[in-house]
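Below you'll find the structure, written out as structure tokens, and then a few comments.
The values are calculated or read from the model by the stated rules, or taken from the named source; none is laboratory data. Computed from a prediction, not measured in an experiment: that's the story for all the values here. Cβ coordinates were reconstructed from backbone atoms using ideal geometry, including for glycine residues, and neighbour counts include every protein chain displayed. Areas reflect the complete protein model, heavy atoms only, side chains present, ligands, DNA and RNA absent. Shrake-Rupley method; radii C 1.70, N 1.55, O 1.52, S 1.80 Å.
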Amino acid sequence: MILHIDMDAFYASIEQRDHPELKGQPVVVGGSKTGRGVVAAASYEARQYGIHSAMPGRRAAQLCPHAVFVRGRLDHYADVGRQVREIFGRFTPIIQPLSLDEAFLDVAGTERLHGDAETIGRSIKDAIETELHLTASVGIAPRKFVAKIASDLDKPNGFVVVKESELTSFLDPLPVEKLWGVGSVALRRLHRLGLKTIRDVRHYDRELLVSKLGDWGHHLWKLANGIDSRGVVPDRSAKQISHERTFSDDQSDAELLHGVVCFLCEQTAMRLRRSQRMTSTITLKYRREDFKTFTKSRTLPAPTDQTGKVIQVAVELLEEMRRNEPRAVRLLGVSLGSLVGSDRPVQLSLFDDPQQQQAERKVDQVVDQLSQKLGAKTVYRAASHRWRHRQ
Ligand SMILES: [Mg+2]
């Protein structure tokens with residue numbers, strides 16, 4: 001099953017979240033009432049007046065004179081987009097982002113770890129809501145293009161699952177423009193052939209469609225028949241793998257903080273191995289009770305994908321941080337950067353004992369396999385037990 005997750009009115013929702021007085025208001029991001037510039041995003045309240053993105057600001061103001069115009073903060077939206085992607089990354093390494101706020105996820109092989117596709121979709125939606133105070137719409141289907149249609153069908157805050165056996169009955173009644181790549185020109189050509197719904201295309205003679213529309217006609221006919229072999233192409237260019245935890249109350253218990261860091265290292269290192277990469281820069285993020293945030297990084301002499309190595313470095317960083325900043329902690333994060341493919345020849349460090357290395361690798365393999373089989377909460381290091389137990 002493939003998931004398509006799309007944030008609801010992303011920019012406008014972030015503004016409404018950050019400025020509660022904008023909740024329930026028609027909010028327009030970008031453009032201005034009088035000047036030039038176009039609308040970058042509109043809240044659902046603004047959309048009810050017919051306002052949509054790429055519309056001149058002046059036109060939007062005519063449609064809804066009491067709309068609140070907000071200046072866009074692209075860097076901020078990109079930051080939130082990274083937080084969303086971090087949540088996706090907890091569930092699968094196979095993520096294909098389409099933009100800042102939407103992505104395809106392939107969750108094959110992670111069922112044992114996180115449950116079936118539907119459970120994962122719910123978990124992601126919940127995490128986005130409770131951690132980021134935003135909503136997303138989720139589409140789940142055995143075909144990529146169907147997942148995309150599904151996520152859009154019940155927006156905002158939608159959750160639509162299409163099973164293999166329901167593909168035809170789901171697609172048939174939809175208008176042809178729901179098919180990926182059917183723009184206004186294409187739509188006119190299809191309408192001229194009398195093709196209004198996906199069912200019309202499915203029933204149309206394939207050869208005839210190809211003779212009228214060429215290869216594109218063949219492609220369209222296949223989609224209408226639920227045939228789509230395109231898979232989720234993961235974005236390997238992701239610069240880092242990170243995981244973080246915010247505490248509901250400030251923490252200063254050294255043993256507990258140590259446990260949290262071990263937990264974060266276990267999560268990130270496992271994802272690192274699953275994406276077949278190695279890291280050579282480990283960063284600890286640390287937010288104090290007064291919300292001041294610090295990061296501390298260390299670069300390793302050779303890249304690694306071993307949990308033990310990541311823990312060792314991250315715990316050292318934590319101890320240094322605690323010595324300098326002994327105040328209570330609000331958030332801890334671990335991120336692994338300077339990623340390289342693990343298919344690259346491994347350069348053994350002169351200082352590492354090869355037998356110890358072998359043993360560590362074996363432990364990681366066993367933990368990965370057992371987690372796949374039995375679930376993430378079954379096997380983990382003793383050091384992270386207290387934190388996990390508390391959750
Ligand atoms: Mg969106």
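Annotations for the structure displayed:
- Residue satisfying all of: in region 271-307; open to solvent by 30 Å² or more (accessible area, probe 1.4 Å) and in a helix (DSSP H, G or I); modelled with the lowest pLDDT among these: Arg274
- Among the residues making up region 313-331, those that are more than 28 Å from the chain's Cα centre (by Cα) and assigned to a helix (DSSP H, G or I) are Glu316, Glu319, Glu320, Met321, Arg322, Arg323, Asn324.
- Test for Ser99: is it without any contact (Cβ under 8 Å) to a residue 12 or more places away in the chain and either surrounded by fewer than 18 Cβ atoms within 10 Å (Cβ to Cβ) or within 20 Å of Ser151 (Cα to Cα) (or both): yes
- Test: residue in region 209-221 that is in contact with a Pro (Cβ under 9 Å, 6 or more places away or on another chain) and not in a loop (DSSP other than H, G, I, E, B): no
- With respect to being open to solvent by 60 Å² or more (accessible area, probe 1.4 Å) and either away from the ligand (no atom under 16 Å from the Cβ) or not acidic (Asp, Glu) (or both), His76 falls outside the description.
- Within the option set Ala141, Ala147, being within 16 Å of the ligand (Cβ to nearest atom), crowded, with 17+ Cβ neighbours inside 10 Å, touching a residue at least 60 places away in the same chain (Cβ under 8 Å) and closer than 30 Å to Lys239 by Cα holds for one residue only, Ala147.
- Selection within region 150-179 - within 16 Å of the ligand (Cβ to nearest atom), open to solvent by less than 10 Å² (accessible area, probe 1.4 Å) and more than 15 Å from the chain's Cα centre (by Cα): Ala150, Gly158
- Here Leu105 meets the list (1) under 15 Å from Asp8 (Cα atoms); (2) modelled with pLDDT of 95 or more; (3) within 16 Å of the ligand (Cβ to nearest atom); (4) not acidic (Asp, Glu) almost entirely, failing just condition (1).
- In region 15-54, the qualifying residues are those that are surrounded by fewer than 24 Cβ atoms within 10 Å (Cβ to Cβ), in contact (Cβ under 8 Å) with a residue 24 or more places away in the chain and hydrophobic (A, V, I, L, M, F, W, C), and the one that is farthest from the ligand (Cβ to nearest atom) is Leu22.
- If you go through region 78-136 and pick out every residue that is in contact with a Leu (Cβ under 6 Å, 6 or more places away or on another chain) and on the phi > 0 side of the Ramachandran plot, you end up with 0.
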